[in-house]
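Chemist: Dropping a structure here in structure tokens format, bear with me for questions.
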Amino acid sequence: MKYSGILRQHHSKLSTVYRALDILIIGFSLLVTCWYFNIPWNDQYSSAVLLASALMIIVSYRHDLYRSWRVFGIRREIVELLTVWSIVVVSLLAIAFVFKTTEDYSRIATGTWFIFTPLLMSVLRIIVRKISQSMRKKGWNTRSVAIVGANSQGMNFAQTIKNANWMGLKLIGFFDDRSDDRIVEDVDNQVLGNLDDVVRRAKSGELDLIYITMPLKAEDRTRELIQRLSDTTVSLYYVPDFYALDILYGRWQTLGDSQVVSVYETPYHGVNDWIKRIEDISIASIVLAVIALPMLIISLGVKLSSPGPIIFKQRRYGVNGQEIQVWKFRSMTVCEDKNNVQQATKRDVRITPFGAFLRRTSLDELPQFINVLQGHMSIVGPRPHAVAHNEEYRIMINRYMMRHKVKPGITGWAQVNGWRGETDTVEKMEKRIEFDLDYIRHWSIWLDLKIFVMTFFKGFIHKNAY
């Protein structure tokens with residue numbers, strides 16, 4: 001027997017209401033905007049509303065905007081909403097540009113519409129949240145919860161419930177059939193019984209939800225408990241211990257009739273890949289236009305200060321471990337790109353006086369904005385290392401090559417947190433890799449923008465840059 005789509009995201013009844021209200025807001029906000037600016041309504045604006053509504057449905061489905069946000073903070077929901085609407089806006093502009101219909105619309109009206117719509121959607125969600133929280137504080141719409149598994153994962157899950165009282169979940173306690181010496185000390189006094197006790201309480205109607213947080217190795221016990229709880233009406237959830245797998249970028253996927261979860265994967269899937277590329281092209285183009293003259297002056301300085309080429313091209317690993325050439329202004333008297341590349345050190349005799357200035361200020365990295373336009377690099381990502389260093393450290397450091405699930409960047413999460421320059425110990429490189437993988441694990445367009453801004457204050461000049 002096949003089970004197609006056995007794992008599904010939960011959608012509450014409220015999500016259906018949100019869908020309908022968001023569509024109404026799209027039309028209402030444009031109507032009000034046209035009225036306010038005294039712009040006649042015509043078929044073009046009706047078409048814009050219909051197209052925006054269709055795109056909103058498609059993009060929100062891709063981002064699962066209308067899932068249940070009961071267990072998440074309002075900030076996270078609004079950020080996801082703004083992301084979805086931004087994609088809709090960019091898509092509308094692209095369609096209007098392709099079909100040459102931009103002149104059919106008032107710029108001030110559409111611009112106001114683009115801002116007014118997500119504002120109304122956000123206000124709607126805040127109001128609903130406030131009403132729901134008020135109801136739950138009075139004891140309405142609350143549900144009693146038990147956690148099976150008095151371990152660190154269960155303790156963390158319980159803390160999540162306690163910290164988010166807007167969820168309306170009331171934790172009753174823990175249940176575990178292991179001996180006292182194997183139970184996490186912090187939850188020892190909250191253990192109300194063993195697995196027999198949780199089944200008994202579920203049958204008596206004392207519990208609304210049960211979360212199983214037992215480890216993956218307890219598969220037999222988990223399967224037996226699920227079988228016994230099938231004779232109750234309790235809502236049962238299994239919380240996989242994915243932290244034990246050290247997941248890099250996890251998400252559910254469907255492969256035929258099977259559900260799988262990614263362990264090592266790139267965050268740039270589908271629309272995310274487009275967003276990342278648009279971000280790179282936009283920022284790189286603007287920056288290159290601004291730095292064109294400084295780059296010309298630097299080129300002249302490199303040429304006059306020492307013999308050799310102006311641009312130094314070195315082999316590095318790009319996305320998926322593919323070799324690329326990374327460009328830099330030459331700052332040394334040598335152009336090393338062999339199997340044994342020596343890292344620059346403090347007072348390195350190979351560095352020219354002008355090159356030292358370039359390296360301290362990171363101006364030697366400016367040609368890499370051209371690499372970004374070529375598609376070999378990104379504005380933000382793990383900094384690329386020489387091929388020789390990759391081959392050396394991939395043996396020493398676990399998951400080192402996972403940093404190549406994304407394109408290397410001109411600036412990165414490790415660099416703005418102080419981990420740049422010479423890595424004369426394995427521990428320093430391990431710390432850099434830790435931040436690189438943390439960036440991949442938590443990637444978002446907002447994190448990219450945060451790192452880009454932080455680079456101006458922390459990334460260009462650093463004591464370790466030499």
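Chemist: Across segment 160-180, which residue is modelled with the lowest pLDDT among those that are under 23 Å from ARG129 (Cβ atoms) and part of a helix (DSSP H, G or I)?
Modeler: Here the answer is TRP166.
Chemist: Turning to a different aspect of this structure: Pick from SER122, SER106, SER144: which is surrounded by 13 or more Cβ atoms within 10 Å (Cβ to Cβ), small (Gly, Ala, Ser) and free of Cβ contacts under 8 Å to residues at least 60 places away in the same chain?
Modeler: Just one listed residue meets the conditions, SER122.
Chemist: Another one. Mind listing whichever residues of segment 296-316 are assigned to a loop (DSSP other than H, G, I, E, B) and more than 19 Å from VAL326 (Cα to Cα)?
Modeler: Of everything in segment 296-316, those that are assigned to a loop (DSSP other than H, G, I, E, B) and more than 19 Å from VAL326 (Cα to Cα) turn out to be SER306, PRO307.
Chemist: For segment 219-248, give me each residue that is part of a helix (DSSP H, G or I), of a type in the set (A, V, I, L, M, F, W, C) and at pLDDT 85 or above.
Modeler: Matches in segment 219-248: LEU225, ILE226, LEU229.
Chemist: Restricting the search to segment 364-393, which residues are of a type outside the set (Asp, Glu), touching a helix residue (DSSP H, G or I) at 6+ places or on another chain (Cβ under 7 Å), within 17 Å of PHE456 (Cα to Cα) and part of a helix (DSSP H, G or I)?
Modeler: Correct list: PHE369 only.
Chemist: Please specify each residue of segment 73-89 satisfying the condition of being among the small types (Gly, Ala, Ser) and assigned to a helix (DSSP H, G or I). Steps first, answer last, please.
Modeler: First, pick out the residues of segment 73-89 that are among the small types (Gly, Ala, Ser): 73, 86.
Selection gives SER86 alone.
Chemist: Enumerate the pairs (first residue in segment 272-301 and closer than 24 Å to ARG330 by Cβ and at pLDDT 90 or above; second residue anywhere and crowded, with 16+ Cβ neighbours inside 10 Å and not aliphatic (A, V, I, L, M)) with beta-carbon separation below 7 Å, excluding pairs fewer than 6 apart on the same chain, so at least 6 apart or on different chains.
Modeler: ALA284/PHE369; VAL287/PHE369; LEU288/PHE369; ILE298/PHE329; GLY301/PHE354
Chemist: Just to be sure, is ILE410 in contact with an Asp or Glu (Cβ under 7 Å, 6 or more places away or on another chain), crowded, with 18+ Cβ neighbours inside 10 Å and under 15 Å from TYR317 (Cα atoms)?
Modeler: yes
Chemist: Now a separate question. Being without any contact (Cβ under 8 Å) to a residue 40 or more places away in the chain and either closer than 21 Å to SER285 by Cα or not assigned by TED's automatic domain parsing to the domain that holds TRP443 (or both): is that true of GLY409 here?
Modeler: Details: without any contact (Cβ under 8 Å) to a residue 40 or more places away in the chain: yes; either closer than 21 Å to SER285 by Cα or not assigned by TED's automatic domain parsing to the domain that holds TRP443 (or both): yes.
The answer is yes for GLY409.
Chemist: Only one of these is over 16 Å from LEU248 (Cβ atoms) and either surrounded by fewer than 16 Cβ atoms within 10 Å (Cβ to Cβ) or not assigned by TED's automatic domain parsing to the domain that holds VAL326 (or both): LYS450, LYS431. Name it.
Modeler: Just a single option satisfies the conditions, and that option is LYS450.
Chemist: Additional query: Across segment 181-193, which residue is farthest from TYR211 (Cα to Cα) among those that are at pLDDT below 75 and more than 36 Å from the chain's Cα centre (by Cα)?
Modeler: ASP181
Chemist: Let me ask something additional. When residues of segment 107-159 are filtered for being modelled with pLDDT under 90, polar (S, T, N, Q) and in a helix (DSSP H, G or I), how many remain?
Modeler: 7
Chemist: Let me ask something else about it. Quick one: in segment 120-134, of everything that is within 10 Å of GLU77 (Cβ to Cβ) and not aliphatic (A, V, I, L, M), which residue is farthest from the chain's Cα centre (by Cα)?
Modeler: ARG129
Chemist: Looking only at segment 304-326, count every residue that is over 26 Å from PRO382 (Cα atoms), touching a Lys or Arg at 6+ places or on another chain (Cβ under 9 Å) and exposed (fewer than 14 other Cβ atoms within 10 Å of the Cβ) and tell me the total.
Modeler: Total meeting the criteria: 1.
The values are calculated or read from the model by the stated rules, or taken from the named source; none is laboratory data. The structure presented is a predicted model; accordingly, all values stated were derived computationally and were not measured. So basically every Cβ, Gly included, is an ideal-geometry build from the backbone, and we count neighbours across all protein chains shown.
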